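Colleague: Here it is: the structure, laid out below.
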Amino acid sequence: MALELHKGSLGPVSGKFFASDSFEVTEEEVEDFEKEFTHKEKHVTETQLFN
C-alpha cells in the first residue's frame, strides 16, 4: 500500500509486495525485548503543556 503525494502519480506503477517473515513478532518476543529496559514511572510537571 502506498499514499500518492500527487494525484495520479502512482498510475504507471504496478507490481506485488511480499512482506518478509522477519516482520512477524510473537507476544513472547515482545515481552522478552521489553524486559531489557528498566521500569520508569510517568511524571507530570507544572511546565508541561497538558498536565
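Any read-out appearing in this document is the output of simple, stated calculations on the displayed coordinates, not a laboratory observation. Since this is a predicted model, take the numbers as computed values, not measurements. When we count neighbours, we look across all protein chains shown, and the Cβ atoms used for this are built from the backbone with ideal geometry, even at glycine.
Colleague: Using the Cα centre as the reference, give the magnitude of the dipole from point charges on the C-beta atoms of the chain (Lys, Arg: +1; Asp, Glu: -1; all else neutral), rounded to the nearest 20 debye.
Modeller: The dipole of the chain has a size of about 560 debye.
Colleague: Could you check how many percent of all C-alpha pairs in the chain are farther apart than 13 Å?
Modeller: Across the chain, Cα pairs with separations above 13 Å total 78 percent.
Colleague: Can you compute 3J(HN,Hα) from phi for each residue in the range 37-47, using the Karplus curve 6.51 cos²θ - 1.76 cosθ + 1.60 with θ = phi - 60°, rounded to whole Hz and x for Gly and Pro?
Modeller: 10, 6, 6, 10, 8, 7, 10, 10, 10, 5, 7
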